[in-house]
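First up is the structure itself, then whatever we jot down about it.
The values are calculated or read from the model by the stated rules, or taken from the named source; none is laboratory data. Fair warning: this is a prediction, and the values are worked out from it, not measured in the lab. Because the Cβ atoms are built from the backbone with ideal geometry, glycine has one as well, and the counts that use them run over all protein chains shown.
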Amino acid sequence: MKNIIEKAIQGEPRSIARLITMVENESASSVDIMRSIYTRSGKAHLIGVTGSPGAGKSTLLDKLITNISRSGLSIGVIAVDPSSPFTGGAVLGDRLRMQNHSLDPDVFIRSMGTRGSLGGVSRGTYEAAMILDACGKDVVLIETVGVGQSEIDIMKIADTVVLVLVPGMGDDIQIMKAGIMEIADIFIVNKSDRDGSERIVREVNMMLDLQGEKPWRPPVIPTIAENGDGVDMAAKAISDHRTFLERSSEGQRRKLARARLEVEEVLRREIAKIAEKAWDRQISGDVLEDLAARINDPYTVAYELLSKIISI
Ligand SMILES: Nc1nc2c(ncn2[C@@H]2O[C@H](COP(=O)(O)OP(=O)(O)OP(=O)(O)O)[C@@H](O)[C@H]2O)c(=O)[nH]1
Ligand SMILES: [Mg+2]
């Protein structure tokens with residue numbers, strides 16, 4: 001194990017992949033892995049890219065990777081695929097769209113399922129991002145499909161949140177969705193070769209203006225990911241946002257908020273494990289029958305169990 005971690009930290013792709021798999025599968029050593037890599041992380045720029053299914057996120061990422069690699073930075077990509085609860089290695093579609101980079105040793109691409117979470121960002125995604133960070137990736141891109149909560153979740157872990165909108169897909173609904181406007185640091189209006197692109201750009205800008213003065217005014221950038229139009233501007237906006245985070249108190253604020261969430265997440269997970277174990281030991285036909293017959297209620301059962309656990 002030590003050997004794998006050492007190799008991964010030196011940037012060896014196969015060892016990095018193995019660490020991510022172990023963490024993703026919640027293997028017995030995953031806590032040890034995270035413990036040994038955590039203090040090395042915190043240097044990478046974590047970029048969350050979210051948006052409706054088919055908005056062009058992977059196509060955009062592909063172009064962004066080319067652009068970012070040009071500046072000599074090493075890149076890790078995690079594509080969260082809600083349709084595949086158990087993946088290891090890249091999903092075919094993502095691999096095809098990012099195939100230009102799949103042989104590039106400085107670009108590490110990985111797809112993950114969403115097991116263990118409601119939205120698109122599972123704990124495993126975050127841990128994989130930390131591993132890539134600790135293993136020397138300068139930039140970690142995380143693609144998630146915007147299905148509501150996942151956009152909000154991604155903000156909790158990303159330094160920079162990129163929201164990809166497209167014309168003609170119930171745009172008003174996309175934009176109005178509660179909370180979306182607040183979480184995005186950069187708005188991309190992709191598929192700008194289609195009608196209605198300027199309208200969305202205008203509407204988003206209007207909504208942003210209504211929010212009043214803010215230290216970071218999110219830019220709204222039209223792109224045609226398929227042929228690379230606008231991608232340079234998107235890459236520049238991402239790098240500008242990073243500079244903003246470094247120079248303002250916002251970067252530190254996000255780091256502290258994330259640190260807090262990390263501990264809460266471990267606590268929640270470990271407490272749930274302890275409770276489930278205790279329940280497994282206690283569970284019996286009699287208890288279940290009493291519940292089904294309404295002689296007892298689940299609240300009493302759960303609280304009695306909790307009070308036993310707590311008294312240990
Ligand atoms: N017309 C047009 N099509 C595009 C553009 N960008 C991407 N597409 C196409 O849109 C489709 C979906 O692109 P993806 O990059 O897979 O979109 P995605 O958001 O990653 O999709 P999911 O991961 O499935 O949610 C593909 O057929 C792309 O070729 C664009 O700028 N214009
Ligand atoms: Mg995709």
Quiz item: Would you call Lys177 of a type in the set (D, E, K, R), modelled with pLDDT under 70, away from ligand 2 (no atom under 16 Å from the Cβ) and more than 11 Å from the chain's Cα centre (by Cα)?
Solution: yes
Quiz item: Which of (1) surrounded by 11 or more Cβ atoms within 10 Å (Cβ to Cβ); (2) within 29 Å of Val31 (Cα to Cα) does Ser311 not meet, given it meets every other one?
Solution: (1)
Quiz prompt | From the options Ser239, Ser248, Ser311, residue that is free of Cβ contacts under 8 Å to residues at least 60 places away in the same chain and farther than 30 Å from Ile75 by Cβ | solution = Ser311
Exercise. Select, from Asn190, Asn227, Asn205, the only residue that is surrounded by fewer than 14 Cβ atoms within 10 Å (Cβ to Cβ), at pLDDT 90 or above and in the same structural domain as Gly124 (by TED's automatic domain parsing).
Key: Asn227
Quiz item: Is one or more of the residues making up segment 249-258 touching a Pro at 6+ places or on another chain (Cβ under 9 Å), exposed (fewer than 11 other Cβ atoms within 10 Å of the Cβ) and part of a helix (DSSP H, G or I)?
Solution: yes
Self-check item: Residues being assigned to a strand (DSSP E or B) and surrounded by fewer than 24 Cβ atoms within 10 Å (Cβ to Cβ) - total across segment 37-65
Solution: 1
Self-check item: Some residue of segment 269-285 being within 30 Å of Ala184 (Cβ to Cβ) and either surrounded by fewer than 14 Cβ atoms within 10 Å (Cβ to Cβ) or under 25 Å from the mean Cα position of the chain (by Cα) (or both)
Solution: yes
Practice problem: Considering every residue within segment 93-101, establish whether at least one is closer than 18 Å to Ala225 by Cβ, modelled with pLDDT of 90 or more and either outside the structural domain of Ile183 (by TED's automatic domain parsing) or more than 13 Å from ligand 1 (Cβ to nearest atom) (or both). | Solution: no
